[in-house]
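A.B. asks: Sharing a structure here in structure tokens format.
The values are calculated or read from the model by the stated rules, or taken from the named source; none is laboratory data. Please read these numbers as outputs of a predicted model, since none were measured by experiment. Here the Cβ positions follow ideal geometry from the backbone for every residue, glycine too, while neighbour counts run over all protein chains shown.
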């Protein structure tokens with residue numbers, strides 16, 4: 001789901017991966033450093049997320065056999081419908097030289113459709129948050145509108161090393177659409193500061209992501225990736241300011257969420273510094289397929305202290 005880097009650059013970086021820790025890497029394992037750090041070993045609750053339990057719930061049939069529960073059947077119905085969906089990139093539009101991508105999909109019956117609002121809430125309704133740098137508003141990506149600017153940002157050499165999404169627009173479009181047509185566990189957003197697009201975000205359910213296999217995940221953990229787009233906006237301390245604002249916004253709008261997590265590349269010093277400035281604590285180093293990352297956590301219980 002996400003980009004190659006999972007971080008939010010103070011100067012050039014992103015925050016978490018779009019579905020996988022960075023777009024290319026969410027598979028990870030906690031390294032020796034993490035094991036040695038007892039303070040990082042948060043108590044691992046032996047309670048699976050409600051959505052996970054519902055998805056794999058089983059019932060007993062009349063013949064005494066085991067059968068999938070309603071939620072699992074619903075997921076199966078959606079998966080079947082998704083298998084028949086077609087994503088088509090068409091034509092030769094003006095401007096970027098690429099036409100708009102159109103997505104047609106078979107829609108399962110209402111009773112079997114997973115509700116994205118149950119996974120992250122409606123980010124559209126999160127509204128604007130005031131920051132020392134101005135009013136920030138997260139707006140879910142619209143490929144037709146936002147692909148050219150996101151593609152330009154991703155192809156910036158300073159960004160490429162950490163996000164790994166440099167290349168033609170159609171590859172970046174696929175990365176975006178994989179989230180937009182998914183089940184709502186990851187939402188790509190544009191960050192508008194005083195109405196001007198200047199950052200790209202990925203907000204995702206870390207506890208429902210492959211990343212959860214590699215750190216002590218808790219139900220409703222929310223992950224975040226940030227890319228400060230324009231060079232003129234980097235190196236000004238905006239990373240920490242915006243990360244704090246968005247982390248607090250997620251905690252305010254998602255009462256069930258106790259922590260916001262991220263995993264910037266450990267080499268991306270400005271990004272790690274931005275998270276620390278934003279009130280995240282460094283928890284451990286974790287090995288991901290494409291990088292060694294810093295596991296950063298912002299706790300609801302500590303938000304007014306850090």
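A.B. asks: In the range 184-192, is there at least one residue being out of contact with any helix residue (DSSP H, G or I) (no Cβ under 9 Å at 6 or more places or on another chain) and free of Cβ contacts under 8 Å to residues at least 12 places away in the same chain?
C.D. replies: Start the filter on the range 184-192 by keeping residues that are out of contact with any helix residue (DSSP H, G or I) (no Cβ under 9 Å at 6 or more places or on another chain), which leaves 192.
When the remaining residues are screened for being free of Cβ contacts under 8 Å to residues at least 12 places away in the same chain, the result is none.
No, the range 184-192 has no match at all.
A.B. asks: Identify the single condition in (1) without any contact (Cβ under 8 Å) to a residue 24 or more places away in the chain; (2) touching a helix residue (DSSP H, G or I) at 6+ places or on another chain (Cβ under 9 Å); (3) under 26 Å from residue 240 (Cα atoms) that residue 168 does not satisfy, given that it satisfies every other one.
C.D. replies: That leaves (3) as the condition not met.
A.B. asks: Quick check: anything in the range 282-293 out of contact with any helix residue (DSSP H, G or I) (no Cβ under 9 Å at 6 or more places or on another chain) and in a helix (DSSP H, G or I)?
C.D. replies: No; the residues of the range 282-293 include none that is out of contact with any helix residue (DSSP H, G or I) (no Cβ under 9 Å at 6 or more places or on another chain) and in a helix (DSSP H, G or I).
A.B. asks: Here's something else I'd like to know. Given the structure, is residue 201 part of a helix (DSSP H, G or I) and in contact (Cβ under 8 Å) with a residue 60 or more places away in the chain?
C.D. replies: Taking the combined requirement at face value, the residue does not satisfy it.
A.B. asks: So, one more: Would you mind telling me which numbered condition in (1) outside any strand (DSSP E or B); (2) at pLDDT 95 or above residue 192 fails?
C.D. replies: That leaves (1) as the condition not met.
A.B. asks: Within the range 144-169, track down each residue that is surrounded by 20 or more Cβ atoms within 10 Å (Cβ to Cβ) and part of a helix (DSSP H, G or I).
C.D. replies: Answer for the range 144-169, where residues must be surrounded by 20 or more Cβ atoms within 10 Å (Cβ to Cβ) and part of a helix (DSSP H, G or I): 147, 150, 151, 153, 154, 159, 162, 163, 169.
A.B. asks: Can you list residue pairs whose Cβ atoms sit under 7 Å apart, with the first residue in the range 234-249 being surrounded by 24 or more Cβ atoms within 10 Å (Cβ to Cβ) and the second being in a loop (DSSP other than H, G, I, E, B) and at pLDDT below 95? Count only pairs 6 or more apart in sequence or on different chains.
C.D. replies: 239/9; 239/10; 239/11
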